Amino acid sequence: MSDEAHLDPNVPGNPAYHFTIVPPGTPARAGWASRAGLVPSAGLATQCVHAGVQPDPAYGAVMPPIYQSSTFAFRDLCTNAGYDYTRSGNPTRAALEEAIALLEGGQGATCTSTGMSAIVVALNLLPRGSHLLCTVDCYGGTFRALEHARSAYGLDVTYLDLADLDAVRDAFRPETRMVWVETPSNPMLRLTDIRAVVEIARARGALVAVDNTFLSPVLQRPFEHGADLVVHSTTKYLNGHSDVVGGAVVAPPGNLAMLQRIQSMNNLLGTSQSPHDCFLVLRGLKTLLLRMRAHELGAAAVARFLEAHPAVARVHYPGLPNHPQHALACAQQRGFGGMLSFEIRDGRRDRVDHVLATLRWFTLAESLGGVESLVAHPASMTHASMTPEARRRAGITDGVIRLSIGIEDPADLIADLDRALGSLPA
């Protein structure tokens with residue numbers, strides 16, 4: 001037998017067939033576990049691929065298994081393998097929580113069934129009788145949740161432009177316990193200076209929670225600016241494929257007590273994310289950096305096109321040099337993201353309807369952050385739950401159109417918009 005044949009694993013009798021089978025549950029070899037200590041200091045692309053992921057100790061699976069079990073066996077009354085009931089904790093969910101916390105630079109995270117349930121977990125940290133300040137053009141679902149908490153639980157809420165720091169200072173009361181920040185905001189892409197708001201809030205004993213859904217930890221890390229909580233709808237960019245819903249609340253670095261509070265609240269409310277959905281989001285994280293680069297590349301090209309189009313009155317995209325908060329975006333963010341909105345000149349409803357009906361590469365749908373491009377009309381879709389007065393206060397007119405730029409060829413998206421805008425009714 002030749003040396004080559006002797007080494008060929010397909011040749012019967014090859015010594016390579018003689019290996020030891022490790023029983024399930026055997027602790028992982030040191031070579032498997034050694035990677036974990038390297039991930040925090042690795043580059044961002046490496047972190048996205050390897051955060052929260054180690055070969056499974058049972059069989060060496062490279063990808064974390066889906067532990068689709070509601071309950072876990074106890075070895076005796078005082079001993080289990082780290083998990084007892086999936087609402088309280090699950091190995092697949094723990095892997096995703098570790099990954100998100102690492103990417104955000106936090107102490108830890110708790111993953112929830114939807115982005116809305118992440119908001120509910122964060123709001124339930126507040127004591128009865130609290131007052132909260134919120135971004136004036138917050139996501140419609142956030143507005144709906146806050147208004148429900150106002151009527152049902154007595155939470156008092158003030159909506160204001162958080163870029164106006166004097167107004168923020170004036171809005172504080174002795175019972176103000178939290179500032180809810182969306183930066184960029186949905187859908188007007190207003191920015192909030194996180195560090196400045198944190199300075200004001202901290203002097204008054206209030207928490208600052210930042211919804212980082214629009215940018216993801218690739219483009220913005222609120223803990224680096226002093227935030228107390230980071231919230232995500234993982235449905236969006238973290239998952240990135242429009243096939244799962246989920247949320248996350250992340251505790252700040254060094255704050256184990258806050259981590260325990262958000263984990264306990266998630267367990268108490270029964271809002272924990274399912275193992276299968278966690279698996280899908282963890283899969284999406286692996287390409288997060290690559291996708292965010294593609295989203296931003298397309299959004300920048302589309303924003304420049306819209307800015308120059310005669311049928312467009314205004315474009316809201318912080319990556320444009322003439323955006324009023326472009327300098328803050330450059331200082332606070334690592335990029336400008338894939339979301340933008342624009343306003344049709346003479347924004348009559350028939351002209352808006354024409355654009356929405358004519359577009360072909362943009363799907364008319366709610367949500368955002370997937371690989372496919374979406375178009376939405378905030379006034380009648382994502383922000384329909386706002387009162388007309390609240391929408392006027394936020395600047396969300398009937399002429400505003402929101403775009404979530406996917407990872408398609410930007411030239412195709414621009415041609416699609418050019419055809420729709422170029423055929424507007426007079």
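Between His326 and Arg35, 0.36 nm times their residue separation minus their Cα-Cα distance comes to what?
That pair, His326 and Arg35, stretches by 100.9 nm at full extension.
Hey, could you get me the Stokes-Einstein D for the stretch 91-285, Kirkwood radius over alpha-carbon pairs, 4 °C and 1.567 mPa s, rounded to whole µm² s⁻¹?
79
Roughly what % of Cα-Cα distances in the stretch 288-422 sit above 27 Å, to the whole percent?
Looking at the stretch 288-422, the distances longer than 27 Å represent 15 percent of pairs.
For Arg169, Arg314, what's the fewest-to-most ordering of other Cβ within 10 Å of each Cβ?
Starting with the residue having the fewest Cβ neighbours, the order is Arg169, Arg314.
Based on the Cα coordinates of the stretch 251-349, what is the per residue volume of their convex hull in Å³?
Here the figure is 186 Å³ per residue.
Report, in debye and to the nearest 20, how large the dipole of the chain comes out about its Cα centre when Lys and Arg carry +1 and Asp and Glu carry -1 on their Cβ.
740
So how far apart, in nm, are the two label points at Arg304 and Cys78 if each is 7 Å from Cα heading toward Cβ?
Here the answer is 6.8 nm between the modelled labels.
How big is the dipole moment of the stretch 146-190 about its Cα centre under a simple scheme where the beta carbon of each Lys and Arg is +1, that of each Asp and Glu is -1, and everything else is neutral? Debye, nearest 20, please.
The dipole magnitude comes to about 120 debye.
What fraction of the Cα pairs in the chain, stated in percent, has a spacing above 29 angstrom?
More than 29 Å apart: 49 percent of the Cα pairs in the chain.
Compute the distance in nm between two label points, each set 7 Å from the Cα along the Cα-to-Cβ direction, one at Asp346 and one at Ala42.
5.6
Be a star and scan the stretch 139-161 for residues whose amide nitrogen sits under 19 Å from the point 7 Å along the Cα-to-Cβ vector of Arg392.
The answer is 159-161.
Which order results if Met339, Met178, Met265 are arranged by neighbouring Cβ count within 10 Å, fewest first?
Ranking Met339, Met178, Met265 by Cβ neighbours within 10 Å, fewest first, gives Met265, Met178, Met339.
Suppose we keep just the DSSP beta bridges with both residues in the chain; what percent of those would be antiparallel, to 5?
Looking only at bridges with both residues in the chain, the antiparallel portion is about 55 percent.
Which one, Gln220, Ala209, Val245, projects farthest toward the positive side of the charge dipole computed for the stretch 202-249 from Cβ point charges (K/R +1, D/E -1)?
Ala209
Can you tell me the order of 369-379, 62-72, 411-421 when each peptide is scored by its average per-residue count of other Cβ atoms within 10 angstrom, highest first?
369-379, 411-421, 62-72
Counting DSSP beta bridges in the stretch 91-285, what percent are antiparallel, to the nearest 5?
Given both bridge residues lie in the stretch 91-285, the antiparallel proportion sits at roughly 35 percent.
Please compute the modelled spin-label separation between Gln260 and Tyr85, points set 7 Å along Cα→Cβ, answer in nm with one decimal.
With each label placed 7 Å out from Cα toward Cβ, I get 2.0 nm.
Using the count of nearby Cβ atoms within 10 Å as a rough guide to exposure, how do Arg93, Arg150 rank from fewest to most?
Arg150, Arg93
When DSSP assigns beta bridges and you keep just the ones with both residues in the stretch 198-351, what percent turn out antiparallel, to the nearest 5?
Counting DSSP beta bridges with both partners in the stretch 198-351, the antiparallel share is about 75 percent.
Report the paramagnetic label zone for Ala411: residues of the stretch 324-365 whose backbone N is under 17 Å from a point 7 Å from Cα along the Cα-to-Cβ axis.
Once the point is set 7 Å along Cα→Cβ of Ala411, 361 turn out to lie under 17 Å by backbone N, inside the stretch 324-365.
Suppose a student asked you for the relative contact order of the chain, using Cα pairs under 8 Å spaced at least 6 residues apart; what percent would you report?
16
Between Arg150 and Leu268, what FRET efficiency follows from the Cβ-Cβ distance if R0 is 22 Å, with the result rounded to 0.05?
Computed FRET efficiency for Arg150 and Leu268 comes out at 0.50.
What order do you get for 125-132, 35-42, 231-238 when each peptide is scored by the mean count of other beta carbon atoms within 10 Å, highest first?
Highest-to-lowest ranking by the protection proxy: 231-238, 125-132, 35-42.
Place a point 7 Å from Cα of Asp243 in the direction of its Cβ. Which residues in the stretch 355-386 have their backbone N less than 14 Å from it?
Output list for this probe position: 370-372.
So if I place +1 on the C-beta of Lys and Arg and -1 on the C-beta of Asp and Glu, and nothing else carries charge, what would the dipole magnitude of the stretch 288-422 be about its Cα centre? I want it in debye, nearest 20.
That gives a dipole near 360 debye.
Any read-out appearing in this document is the output of simple, stated calculations on the displayed coordinates, not a laboratory observation. All values reported here derive from a predicted model rather than from experimental measurement. Note that we place each Cβ from the backbone using ideal geometry, even for glycine, and neighbour counts take in every protein chain shown.
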